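The values are calculated or read from the model by the stated rules, or taken from the named source; none is laboratory data. In this text, all values refer to a predicted model and were calculated from it rather than measured experimentally. A quick note on method: Cβ atoms are made from the backbone with ideal geometry, for glycine too, and the neighbour counts reach across all protein chains shown.
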Amino acid sequence: MLGIAALLSACAMPGHWLTPLPPASGEARQQVRQQLTLDAPERSLTLQSLLKSSVHGLTLIIMSDAGQRMFTLQWKPGQPAPRVFGQAPKGMTASGMLADLQLALWPETVLRSGLPSQFRLEDIGATRLLWRGENLVWLRVSEGKELRNNSMMIYNLPLGYRLRIQPLILADTRP
């Protein structure tokens, strides 16, 4: 589900105001592959993502729906901003993708430390809301509490896009 945020962020408003955050200690190492479907005012786009996170940093690989690598985002704790290698689709920013991923997947307690004071985060069951003052600006709705294995939908209200994130389960090839 982490990759989902990446696609959302591409068009997302949150990017520059959310400080990059390492994963919570309870989730020190993750690897998630997802299909991302973005519906924005000017376009629709289907991508795949692979997100790897650990206490040492994050790597997000975005691929076309055919699996061809488009770009890679890398961030390590202490870096002021993530680095991008390759060409991101028009309108997508590395900081926006990272912010969406973190808003969608990181625990609420961890996110609170990186949010500016004018934002308020609220978790209600499988729904997460981000408020700027009295205005709802971002919404995540998941099919369940276990985000890595459930589909979710993210809505960025100021930018007018929605992102559907679906986990891709890799086949077990063990004998």
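In region 29-66, the qualifying residues are those that are of a type in the set (Lys, Arg) and touching a Leu at 6+ places or on another chain (Cβ under 9 Å), and the one that is nearest to LEU98 (Cα to Cα) is LYS52. Each residue in region 125-141 was checked for being free of Cβ contacts under 8 Å to residues at least 24 places away in the same chain and either touching a helix residue (DSSP H, G or I) at 6+ places or on another chain (Cβ under 6 Å) or under 21 Å from LYS52 (Cα atoms) (or both), and 0 of them qualify. Could you check region 29-61 and list, in sequence order, the residues that are out of contact with any helix residue (DSSP H, G or I) (no Cβ under 6 Å at 6 or more places or on another chain), closer than 18 Å to ARG162 by Cα and part of a strand (DSSP E or B)? GLN35, THR37, ASP39, ARG43, SER44, LEU45, THR46, GLN48 - these are the residues of region 29-61 that are out of contact with any helix residue (DSSP H, G or I) (no Cβ under 6 Å at 6 or more places or on another chain), closer than 18 Å to ARG162 by Cα and part of a strand (DSSP E or B). What pairs can you find where one residue is in region 98-115 and in contact (Cβ under 8 Å) with a residue 40 or more places away in the chain, the other is among the polar types (S, T, N, Q) and buried (at least 21 other Cβ atoms within 10 Å of the Cβ), and their Cβ atoms are less than 8 Å apart, with a gap of 6+ or different chains? Final answer for the pair search is LEU98/SER9; ALA99/SER9; ASP100/SER9; ASP100/ASN156; LEU101/SER9; LEU111/GLN102; GLY114/GLN102.
When PRO158 is tested against (1) of a type outside the set (Asp, Glu); (2) out of contact with any helix residue (DSSP H, G or I) (no Cβ under 7 Å at 6 or more places or on another chain); (3) part of a strand (DSSP E or B); (4) under 21 Å from PRO41 (Cα atoms), exactly one condition is not met: (3). Against the test of being modelled with pLDDT under 85 and surrounded by 13 or more Cβ atoms within 10 Å (Cβ to Cβ), the options GLN35, GLN31 yield a single qualifying residue, GLN31. Taking LEU73, is it outside any helix (DSSP H, G or I) and touching a residue at least 12 places away in the same chain (Cβ under 8 Å)? In short, yes.
The rows are residues; the columns are (1) closer than 17 Å to SER54 by Cα; (2) part of a strand (DSSP E or B).
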position: GLN79; (1), (2): yes, no
position: GLY96; (1), (2): no, no
position: LEU101; (1), (2): yes, no
position: GLY114; (1), (2): no, no
position: ASP123; (1), (2): no, yes
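I need the full set of residues from region 49-108 which are of a type in the set (Val, Ile, Thr) and surrounded by 16 or more Cβ atoms within 10 Å (Cβ to Cβ), in order please.
Filtering region 49-108 down to residues of a type in the set (Val, Ile, Thr) leaves 55, 59, 61-62, 72, 84, 93.
Of everything in region 49-108, those that are of a type in the set (Val, Ile, Thr) and surrounded by 16 or more Cβ atoms within 10 Å (Cβ to Cβ) turn out to be THR59, ILE61, ILE62, THR72, VAL84, THR93.
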